[in-house]
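What follows is one structure encoded as structure tokens, with my remarks underneath.
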Amino acid sequence: MTLKDAVVGKYYIVKKINGSGPLKRRIMDMGITKNSEIYIRKVAPLGDPVQINIRNYELSIRKADAELITIEETEKKED
């Protein structure tokens, strides 16, 4: 499953970032790294962009970039 297919209101764990070079580096620079927890806040009406919470901040990511991020559903981690 990729971030593009994620459901609003659920928590996910990043399993893999596909892609290479500057694109992969840009995604990682935004804080999206392996084993990061992501909460899906909203998805725009046409599916682009996807608004997520990661590492205690909000981030909007394009659908094309979201397609490169492999995720797995999880329960909320207690801090």
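Bear in mind that the values in this text are calculations on the coordinates, not laboratory data. Since we're looking at a predicted model, the values are computed, not measured. We place every Cβ from the backbone using ideal geometry, glycine too, and count neighbours over all the protein chains shown.
Each residue in region 50-66 was checked for being in a loop (DSSP other than H, G, I, E, B) and out of contact with any Asp or Glu (no Cβ under 9 Å at 6 or more places or on another chain), and 1 of them qualify. Out of the residues in region 47-61 that are surrounded by fewer than 16 Cβ atoms within 10 Å (Cβ to Cβ) and touching a strand residue (DSSP E or B) at 6+ places or on another chain (Cβ under 8 Å), which is nearest to Val14 (Cα to Cα)? The qualifying residue nearest to Val14 (Cα to Cα) is Asn53. Consider Ile71 carefully, then state whether it is part of a strand (DSSP E or B), surrounded by 15 or more Cβ atoms within 10 Å (Cβ to Cβ), among the aliphatic types (A, V, I, L, M) and under 10 Å from the mean Cα position of the chain (by Cα). Taking the combined requirement at face value, the residue satisfies it. Set side by side, the residues Leu59, Leu46, Leu23, Leu3 differ, and just one is of a type in the set (A, V, I, L, M, F, W, C) and in contact with a Gly (Cβ under 8 Å, 6 or more places away or on another chain), which is Leu59. Checked across region 12-22, the condition of being in contact (Cβ under 8 Å) with a residue 60 or more places away in the chain and not polar (S, T, N, Q) holds for at least one residue.
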